[in-house]
1. State all residues of the range 103-129 that are closer than 30 Å to Gly47 by Cβ, under 14 Å from the mean Cα position of the chain (by Cα) and not hydrophobic (A, V, I, L, M, F, W, C); if no residue qualifies, say none.
2. Taking Thr95 and the conditions (1) at pLDDT below 95; (2) polar (S, T, N, Q); (3) closer than 20 Å to Lys31 by Cα, which numbered condition does it fall short on, given that it satisfies the others?
3. Going through Val60, Val52 one at a time, which residue ends up being under 15 Å from the mean Cα position of the chain (by Cα), hydrophobic (A, V, I, L, M, F, W, C) and within 14 Å of Ile10 (Cα to Cα)?
4. Out of the range 35-70, which residues are β-branched (Val, Ile, Thr) and either surrounded by fewer than 18 Cβ atoms within 10 Å (Cβ to Cβ) or touching a residue at least 40 places away in the same chain (Cβ under 8 Å) (or both)?
5. Tell me the residue from Leu102, Leu87 that is of a type outside the set (Lys, Arg) and either surrounded by 17 or more Cβ atoms within 10 Å (Cβ to Cβ) or in contact with a Cys (Cβ under 6 Å, 6 or more places away or on another chain) (or both), please.
6. Output yes when any residue across the range 19-37 is farther than 30 Å from Arg126 by Cα, part of a helix (DSSP H, G or I) and among the aliphatic types (A, V, I, L, M), and no when none is.
7. Got a sec? Which helices (runs of 4 or more DSSP H) wholly within the range 41-129 have at least 3 residues that are in contact with a strand residue (DSSP E or B) (Cβ under 8 Å, 6 or more places away or on another chain)?
8. Can you pull out every residue in the range 1-18 that is surrounded by fewer than 17 Cβ atoms within 10 Å (Cβ to Cβ) and assigned to a loop (DSSP other than H, G, I, E, B)?
Amino acid sequence: MIERDRGTIINLGSTAGTYPYPGGHVYGASKAFVKQFSLNLRADLIGTGVRVTDIVPGMVGGTEFSTVRFAGDQARVESVYVGVQPLTPEDIAETAAWIIGLPPYMNVNLIELMPTCQAPGPLAIRRRG
């Protein structure tokens, strides 16, 4: 890519790299790494014509994410998506296609996507007594 003076690298992060959720500490940390890695890679490639983007989706259905998270417990997997319309893998692919189709002088550093049924929550507070 550097030799051709063009190209696009798209990394897949997660809103879990920005907004914490219970039980997501290792996953969130790994996605926070993806964000920082992407920004540093972009800095290393400045002036080469190579673009670097981090796509950061929130809830996405139709993937193996919840199946892996809940060790194959299909009832728990299905409960995650009851009554909501999550993003789809096709939504993420469409976002990637849009980024690739932008003019070569334009770089999208980061794009965060969430379904309308999801938003970052307030900080958790546990009161004693």
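The values are calculated or read from the model by the stated rules, or taken from the named source; none is laboratory data. Just so it is clear, the model here is predicted, and its values are computed rather than measured. Note that each Cβ is placed from the backbone with ideal geometry, even for glycine, and that neighbours are counted across all protein chains shown.
1. Here is the first cut: in the range 103-129, the ones closer than 30 Å to Gly47 by Cβ are 103-113.
The next check asks that each one be under 14 Å from the mean Cα position of the chain (by Cα); those that pass are 108-113.
Result: Asn109, Glu112.
2. Of everything listed in (1) at pLDDT below 95; (2) polar (S, T, N, Q); (3) closer than 20 Å to Lys31 by Cα, Thr95 misses just condition (1).
3. Unique residue meeting the criteria: Val52.
4. Selection gives Ile46, Thr48, Val50, Val52, Thr53, Ile55, Val56, Thr63, Thr67, Val68.
5. Leu87
6. Yes, that holds for at least one residue.
7. Values: elements: 65-69, 74-80, 89-101.
Because the criterion is at least 3 residues that are in contact with a strand residue (DSSP E or B) (Cβ under 8 Å, 6 or more places away or on another chain), the helices (runs of 4 or more DSSP H) in the range 41-129 that meet it are 89-101.
8. Result: Met1, Ile2, Glu3, Arg4, Asp5, Arg6, Thr18.
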